[in-house]
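Scroll down for the structure; my scribbles are underneath it.
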Amino acid sequence: MIDFIRQSVLPHFNIPAVGTSVSFLGNGHINDTFLVRWNMGELVLQKINTNVFKTPHALVSNSHKIAVHLAQKSINDEYQLSVAEPLLTQDKRLAVDLGEHGFWRAIKYLAHSHSIEVVRCEEEAFAAAKAFGHFSFALRDLDATELEDVIPQFHHLPNRIIQLQQAAEHDKLQRLEACRPWVEWVFSQQSLMQELAELSPRLPLRTCHNDTKINNMLYDKRDMSCLAIIDLDTCMKGHLMYDFGDMVRTFTSPEEEDSTVLDNVHVREPIFAAICHGYLSELDSVLSEDEKLSLWLGARVICLMIGVRFLTDHLNGDAYFHIHHENHNLERAANQFTLYKSLLAQESVLTRYFNLVH
């Protein structure tokens with residue numbers, strides 16, 4: 001792979017093969033990401049997973065529109081974070097399509113950047129949530145309909161439930177019996193489905209990040225200040241409750257999302273409070289009353305939905321998310337379902353923080 005990148009991909013970005021280092025970067029579930037360094041500079045190179053992103057040209061187009069919008073906001077002193085801008089090929093394109101050898105794009109590398117996998121304290125949670133809120137605030141005037149849906153019905157829980165049901169019915173790898181209790185438990189969560197059906201139609205469509213995991217927030221490792229929001233692959237129109245929910249999902253547990261130490265998987269109340277304060281310090285004046293009501297719903301839906309997606313992928317043979325060992329996606333699913341149960345158990349305590357953000 002590395003030799004192929006040097007010889008066949010880098011020339012499209014006018015980077016020499018000789019004297020250039022290429023190394024894996026990050027631990028994303030979907031795309032293959034590399035850090036490229038040579039004597040004139042450095043950049044991030046990605047091979048887009050076209051089994052997941054079936055319209056990769058739409059993906060890079062969306063990312064470019066958002067980067068241009070944020071860059072202009074930055075010039076006007078309306079956006080204080082750095083922008084991980086897409087870099088053009090030598091023939092001025094946003095990506096290079098090498099057919100069966102991959103769809104490749106390059107992104108500006110942000111020096112001194114650092115990401116984390118687990119939030120350690122309230123200050124980190126507040127800063128990251130405020131940064132994601134700042135990102136959404138800056139995009140409030142970008143028409144969401146200008147962005148293409150790179151993954152249709154990405155945050156559509158009923159459809160995800162149907163996909164799980166189909167995977168369980170087919171059970172092509174005979175994995176169902178080992179996870180049947182989780183599958184049946186998912187199908188029992190009908191009250192959440194009803195709540196979602198009642199509130200969703202009242203929410204405005206906005207330009208959303210749709211993947212606000214803590215490791216998509218880059219810190220400046222020199223002082224751990226917020227540096228940039230990255231991974232714009234799933235940016236498209238949607239509801240902000242899902243951005244809030246993904247922060248809750250990835251910030252609040254003291255364990256990583258694939259941890260099997262389920263007794264320690266829970267929502268840390270102080271971290272949840274910090275997310276509420278940080279996010280709404282940027283967006284409180286923008287959100288409608290229905291959107292504010294939807295935040296608690298978004299936290300529950302996202303935790304359940306990502307668990308459903310992990311479980312479905314496990315039943316289907318791990319075709320979507322990268323895995324590192326057998327039953328990895330099943331372990332991830334159990335982790336997320338445990339976090340969801342923790343949210344339900346603490347509802348009366350956690351929901352009070354939505355009234356304490358002013």
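Show me the trypsin sites (Lys or Arg not before Pro) within region 4-60 that DSSP assigns to loop and that have at most 13 other Cβ atoms within 10 Å of their Cβ.
54
Return a whole-number percent for the relative contact order of region 122-355, with Cα pairs under 8 Å and 6 or more residues apart as the contact set.
Answer for region 122-355 is 30 percent.
Equivalent ellipsoid semi-axes for the chain, as square roots of 5 times the alpha carbon gyration tensor eigenvalues: give them largest first, rounded to whole Å.
32, 26, 19
If I model a spin label as a point 7 Å beyond the Cα along the Cα-Cβ vector, how far apart are those points for residue 1 and residue 286 in nm?
Computed distance between label sites residue 1 and residue 286 equals 3.5 nm.
What trypsin sites (Lys or Arg not before Pro) in region 90-167 are in a loop by DSSP, with at most 16 other Cβ atoms within 10 Å of the Cβ?
Hits after loop and neighbour filter: 92, 93, 120, 140.
So what's the convex hull volume per residue for the Cα atoms of region 2-109, in Å³?
114
Provide, for q = 0.12, 0.16, 0.17, 0.22 Å⁻¹, the log10 of I(q)/I(0) from a solvent-free Debye sum over equal Cα point scatterers in region 140-275.
-0.67, -1.15, -1.25, -1.43
In terms of the ratio Rg/(2.2 N^0.38 Å) built on C-alpha atoms, what value belongs to region 251-309?
Compactness ratio reported: 1.30.
So what's the net charge close to residue 322: Lys and Arg +1, Asp and Glu -1, counting the other residues with Cβ under 12 Å from its Cβ?
Residues near residue 322 contribute -3 overall.
For region 181-281, which trypsin sites (Lys or Arg not before Pro) pass both filters: DSSP loop (anything but H, G, I, E, B) and at most 11 other C-beta atoms within 10 Å?
222
Compare 267, 52, 248 in a GNM of the chain, Cα atoms joined below 10 Å, and give the one with the largest fluctuation.
Maximum fluctuation in the GNM of the chain, among the listed residues, is at 52.
Just so you know, all these numbers are worked out from the coordinates, no wet-lab data involved. Quick caveat: nothing in here was measured; it's all calculated off a predicted structure. Glycine gets a Cβ as well: all are built from the backbone with ideal geometry, and neighbour counts include every protein chain shown.
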